Amino acid sequence: MTAWNEDNEASGSDVGAVTVLEGSSFCISAGTGDISADGSTNGAFYQDTRIVSGWVLRINGSRREPLSAQKAQPFEATFVGRATWPGGRFDSPLVVRQVRHIGPGLQDDIILENYAAEPVECAIELLVDADQADLFEVKGGRTTGPDDTTRAVVDGKLIIEASRHGQQRGSAIGAKDAEVGTDGLRFNVTVPARGKWSTSVIVVPLVNGEAPEKPFTEGQLPHHREGVQRHLAWEENVPRISIEDTSFQNVLNRSQSDLGALRIFDARHPNRAAVAAGAPWFMALFGRDSLLTSYMSMMVNPNLALGTLQTLAGIQGKKVDVDSEEEPGRIPHEVRLGVTAGLSLGGTAYYGTADATPLFVATLGELSRWGLSRDAIQPLLAHADRALEWIEKYGDRDGDGFVEYLRPNDHGLVNQGWKDSWDGINFADGTIAEAPIALCEVQAYVYAAYLGRSLLAHWTGDPDLEKHWADKAAAFKEEFNRKFWLPDKGYFAVALDKDKRHVDALTSNIGHCLWTGIVDEDKAASVMENLMSPQMFTGWGIRTLASDMGAYNPVSYHNGSVWPHDTALVATGLMRYGFVDEAKRVALGILDAARHFDSRLPELFCGFDRGEFPGPVPYPTACSPQAWAAAAPVQLARILLRFDPVFTRRVVHLAPILPESVGTFRAENVLLDTSRVTITATGTTGAIDGLPPGLKLLTEPRPPLAYPPDGTPANSRVPGTQQASS
């Protein structure tokens, strides 16, 4: 998930920090609620601009003694501390509560409570800074400093402004009855005995002097804001989960809440939600991340995938642009809202990714299996066809049939698959591969795109087109198995390099090939054995790179760490090919890891063996919450249920294989078509109540590679390597 204009690995928030977010706005602070203007990455951000870089509360000349920091909702945090009594009284009875709300700006409700039997006079000051730095300047430590900003008191508010990339960005900070200076706000108050005093400090972001359409305002209850109501509606409409294994239930509930919090909205389409990649630094639309998250989150709400597809379709490439790497039909890697991007979601986009375009078609094909209306999917078919044209005209750069990447400039990403760090693709001896590079999982996504388009043609009643794409998928699969297979090693090359040499490192990427079904059945068992080897499976999850490879480092970003989404897709592939016990082991490993992260899986964690430490070792700069990590438990629940709707063939599969430790699983309010169904399962038995009319329940898993030509599912695996899965 590396940002396109960054040379280093992605960064997370400070250790011990508290992050609140709503849409693309977020705030990172210390556990006290303070934000120190000391060059750190903390601050409040709006449209990728830091509108607060310093926020220090002092009462009677001192900072608070922290007691607690709590988050009841993703967009709100409460900080509780003890304030100094004038004169330094021991065991001060002054308690300060600071309730923070994030959205189109920032609102801090500050409440000072006096538990003493006598009144007390308090001097309160809030020191404020706002450097208006671009998000990536902050993340990369390249901020220009306070000398670049201007400060003035205007109409009782502190205005801090700076010019950024041709735009004037600013913050207006105010509170009722405050004494406002150029360094902050002050209050001199008397707090009555057994009483309290309160105020609301509001920060309104300014773009060229203009405030957002609906900023925080004095007297307005923050919970009445549109963003908050959206999140509450999301919570009301996601599945209601009840599992005997309460820790599994907690993980799924946290995942559903985080997915709702990570949604972003385009003002031009207020009812359309896309999913951002993760907090704090990736609260933006990312083609690959948003699509994979959407794919894995279908059981929570397929409309998230629809909104993501619609949003990406609106900014699909139209022209050739070397600087942004835009090409006709290409799906972007990243879309930003910062000072270089204007005010719309379709502002500045960077297109340097090899996999988002085939994933767009594959996700659309998957979405059609969930029963969404023709009115929703039909307009996206033309975009799918443009994406397929990109695959053949631009993605295949040398005419060998495979999709390669090679950046055409000196500032884009060197590696353009999901392992997009500079050293993410290497040979078994540790040598870094040189572009053009054709990744194995990108070819697997292309295969899934061809199958997805065939399925969509079946859905629209076009048998000739259906056969065309199914035949193309079959031929592509045959060529992939011939060119990428390493018979002496028993697994697929992670890539072909610029000289068409096999990049022979053992990586988790090959598990994505199992996921899409591109692996020949006679090779699947060997791939499984390599993935489940001690060099790859840590007990918590699947390493990105085997521990006996030259570039292995368990504390690296892509060369030996464990990524939950990656592990979930590997488990899905294992289950698809009938390796049930292995899939369950992997699924339970990553779910066990979640228990050590307070039920929230991070972006990644270190790749140490399970026996080395009492729990998984955190990766120091992992994003949390992060979209595809949040979606991973949902996908794992789905494969343990073996729950697969196929509306295009009027069937739904449910063949659970829940471990005994999970107990009874129940999910109410699951959206299928326009119906809300209830799924119940225990062990290997399950049922669905409320199925839409005409949909048949099959208590057998979805065929791993194909449906027979007559479209009737079979009870056993379908042999052969030339069939297409749908």
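What follows is calculated from the coordinates using simple rules that are stated; it is not laboratory data. Note that the coordinates shown come from a computational prediction; the quantities given were computed from them, not determined experimentally. Every residue, glycine as well, gets a Cβ built from its backbone with ideal geometry; the counts of neighbours run over all protein chains shown.
Annotations
- Taking the Cα centre of the chain as reference, the dipole from Cβ charges on Lys and Arg (+1) and Asp and Glu (-1) amounts to some 1540 debye.
- The chain, relative contact order [Cα under 8 Å, separation at least 6], %: 11
- Over the stretch 175-279, relative contact order from alpha-carbon pairs under 8 Å, at least 6 apart, %: 13
- Full extension of the segment from Asp321 to His269, taken as 0.36 nm per residue of separation minus the current Cα-Cα distance, would add 16.0 nm.
- Quarter of Cα convex hull surface for the stretch 18-229, i.e. mean projection, nm²: 11.4
- Between helix 302-314 and the chain: long-axis angle, C-alpha atoms, 0 to 90°, nearest 10: 90
- Theoretical ellipticity at 222 nm over the chain - DSSP helices of four or more residues, -39500 (n - 2.57) apiece, nearest 500: -8000 deg cm²/dmol
- Nearest-ten-degree value, helix 356-368 long axis tilted from longest Cα axis of the chain: 80
- In the stretch 18-229, a dipole from Cβ-located charges (positive for Lys and Arg, negative for Asp and Glu) runs towards its positive end, and of Thr190, Leu67, Phe136 it is Leu67 whose Cα lies farthest in that direction.
- Straight-line reach from Lys318: taking Cα to Cα under 19 Å and skipping same-chain neighbours fewer than 8 places apart, the aspartates and glutamates in range are Glu326, Glu327, Glu334, Asp355, Asp385, Glu389, Glu392, Asp396.
- Set of lysines near Lys157 by C-alpha distance (under 23 Å), chain-local residues within fewer than 8 positions excluded: Lys176, Lys214
- In straight-distance terms, cross-link reach from Lys472 covers every one of the lysines whose alpha-carbon lies under 16 Å from its own, apart from those fewer than eight places away in the same chain; here that gives Lys393.
- Between Ile432 and Arg650, residue separation times 0.36 nm minus the direct Cα-Cα distance comes to 73.7 nm.
- In nm, spacing of pseudo-spin labels at Glu529 and Asp598 (7 Å Cα→C-beta vector): 4.4
- Overall Cα dimensions of the chain - principal axes, largest extent first, Å: 83, 54, 52
- Computed from label points 7 Å out along Cα-Cβ, the spacing between Ala193 and Lys71 is 4.2 nm.
- Alpha-carbon centroid distance for the pair the stretch 587-640 / the stretch 87-139, whole angstrom: 34
- Mean separation of Cα contacts under 8 Å, 6 or more apart, over the residue count of the stretch 18-229: relative contact order %: 20
- Counting only alpha carbon atoms, the long axis of helix 580-595 and the longest principal axis of the chain meet at about 0°.
- Ranking Phe608, His502, Ser624 by Cα position along the charge dipole of the chain, where only Lys, Arg, Asp and Glu carry charges on their C-beta atoms, puts Ser624 farthest toward the positive end.
- Averaging Cα coordinates gives a centre for the stretch 416-461 and one for the stretch 462-481; these two points are 17 Å apart.
- Summing +1 for each Lys or Arg and -1 for each Asp or Glu among the other residues whose beta-carbon sits under 14 angstrom from that of Ser547 gives -1.
- Cβ crowding within 10 Å averaged over residues, with 576-585, 81-90 ranked highest first: 576-585, 81-90
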